[in-house]
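Comments concern the structure below.
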Amino acid sequence: MIAIRDVWRTYPMGPSRVDALGGVTFSVAAGDFVAICGPSGSGKSTLMNILGCLDRPTAGRYVLEGIEVETLDDDSLAGLRNRRIGFVFQTFNLLPRMSALRNVELPMIYSGLSREGRRRRALDALAAVGLTGRTEHRPSELSGGEQQRVAIARALVNRPAILLADEPTGNLDSKAGEEILGIFRDLVAGGATIVMVTHNPRIAEQARRVIQLVDGQIVSDSASPLTPALWSCGPYSTGGEGKGGGEPREFS
Ligand code: ADP
């Protein structure tokens, strides 16, 4: 699904330079749930921007679904980002005057789907995050956790290859944060692939696999210490383990 090979990202700083990423290598298989964890300044945002096709490596290779990202021009890169990557941010970034349903329908405007098709798919996505009863609510009428669930539905509605989540629980209390992580595990059990960035090790260990970044380098890459307990008998377990090779979740 994703292969990152000896990726560097170097920023010029006056006469010298900063290696925000210094030769990072890892792969993410379809159906995996990976947390990238590290302290402030360790290179998490830089790596997330590269994974999300918002930025390019200074050196190294990034292959997404068989596509050599560094060979793409800017338009093709933007197209790949729009079609194949779903983003979830710490600040939910919903449009305040629109209902949950319309927020989720919005990314499908250029999808070629009929109005009815868009509506059906948005309702399915909202159902997948447990918001069937909230589709006509505006963001201000929803709790923080519910707003983040709308944002997740919006990120998934175009059926991306991968969901990138940047500190997705950072603005939530611990209970709402747990719920979001539970939804991620359910989505992974249904075949989604998720990469989550966080500075918080306790959040990171709720993923299946944790990659630790320090000073732009990977210092460990291993199964979460909570695995397999969390994945086989947790409150959100849906019976499947979301093994590799799964398709992006289907909503209809
Ligand atoms: P994190 O997200 O883990 O806090 P970042 O990826 O933002 O880390 O930053 C990694 C390193 O790269 C830091 O030392 C930061 O100062 C540096 N850096 C990030 N962006 C830039 C930039 N645009 N110009 C110069 N240095 C940068």
Return the pairs, sorted by first residue and then second, in which the second residue is more than 16 Å from the ligand (Cβ to nearest atom) and part of a strand (DSSP E or B), the first residue lies in the range 27-49 and is without any contact (Cβ under 8 Å) to a residue 60 or more places away in the chain, the beta carbons are less than 7 Å apart, and the residues are 6+ apart or on different chains.
-> Ser27/Ile2; Ser27/Ala3
Only one of (1) charged (D, E, K, R); (2) farther than 27 Å from Glu65 by Cβ; (3) in contact with a Lys or Arg (Cβ under 6 Å, 6 or more places away or on another chain) does not apply to Lys175, and that is (3)
Of all residues in the range 55-65, which are closer than 12 Å to Trp8 by Cα, more than 15 Å from the ligand (Cβ to nearest atom) and out of contact with any Gly (no Cβ under 9 Å at 6 or more places or on another chain)?
-> Arg61, Tyr62
Consider only pairs whose beta carbons are under 7 Å apart and that are at least six residues apart or on different chains; among these, list those whose first residue lies in the range 175-192 and is closer than 14 Å to Val88 by Cα and whose second residue is of a type in the set (Ser, Thr, Tyr).
-> Gly177/Thr169; Ile180/Thr169; Leu181/Thr169
In the set Ala165, Ala155, Ala189, the lone residue that is more than 22 Å from Leu106 (Cα to Cα) and buried (at least 20 other Cβ atoms within 10 Å of the Cβ) is Ala189
Which of the residues spanning the range 1-54 are of a type in the set (Lys, Arg), within 11 Å of the ligand (Cβ to nearest atom) and part of a strand (DSSP E or B)?
-> Arg9, Arg17
Could you say which residue among Ala192, Ala207, Ala176, Ala165 is assigned to a strand (DSSP E or B) and either more than 16 Å from the ligand (Cβ to nearest atom) or modelled with pLDDT of 95 or more (or both)?
-> Ala165
Examine the range 104-121 for a residue that is part of a helix (DSSP H, G or I), of a type in the set (Asp, Glu) and buried (at least 22 other Cβ atoms within 10 Å of the Cβ), and state whether such a residue exists.
-> yes
Tally time: how many residues in the range 122-163 are more than 29 Å from Val28 (Cα to Cα) and of a type outside the set (A, V, I, L, M, F, W, C)?
-> 12
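The values are calculated or read from the model by the stated rules, or taken from the named source; none is laboratory data. Just so you know, these numbers come straight off a predicted model, no measurement behind them. Don't worry about glycine lacking a Cβ; one is built from the backbone with ideal geometry, like all the others, and counts go over all protein chains shown.
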